[in-house]
Amino acid sequence: MREQGVVRDVRELRRDEGVVGELLVIEGKDPVLGRSARVPQLVRVSDARRDDLLPPLVDPLLVWMAPLGFVLAGVERDDVEGRARHLAQSWWVRAP
């Protein structure tokens, strides 16, 4: 729901086809935070390699829920030219 940490227009989001995949939530030790963290990942369903379709979120919160979807908000890590960036990110997860 964000592009480089900036909120996208709601009309644009509704027109967007989105990304189809399987949502996994994994908990493990985060080397940057130095503690346990939940990390949801969106992976390709048909691919045994399970490559990420979107950059993973770190420590997301469930901020909205309805019968056909929900929104997770967290932090997306990005590495640009050797420098780590932490960007606000939200995923609008919709039922197929």
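Numbers for the structure displayed
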read-out	value
Highest-fluctuation residue, Val43, Val19, Val32 considered, GNM on the chain with Cα pairs under 10 Å	Val32
Per-residue [θ]222 nm for the chain (sum of -39500 (n - 2.57) over DSSP H runs n ≥ 4, rounded to 500)	-1500 deg cm²/dmol
Highest-MSF residue in the chain out of Leu23, Leu57, Leu33 [GNM, Cα springs under 10 Å]	Leu33
Whole-angstrom Cα spans of the chain along principal axes, big to small	36, 31, 25
Computed magnitude of the charge dipole of the stretch 2-94 (debye, nearest 20; Cβ of K, R +1, Cβ of D, E -1)	200 debye
Cα shape, the stretch 34-77, gyration tensor, a/c 1.5 rule	oblate
Inter-label distance, nm, simple model (7 Å from Cα along the C-beta direction), Val32/Arg94	2.9 nm
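Readers should treat all values here as calculations from the given coordinates under stated rules, not as data from a laboratory. All values derive from a computational prediction rather than experimental measurement. Please note: Cβ atoms are built from the backbone with ideal geometry, for glycine as well, and neighbour counts cover all protein chains shown.
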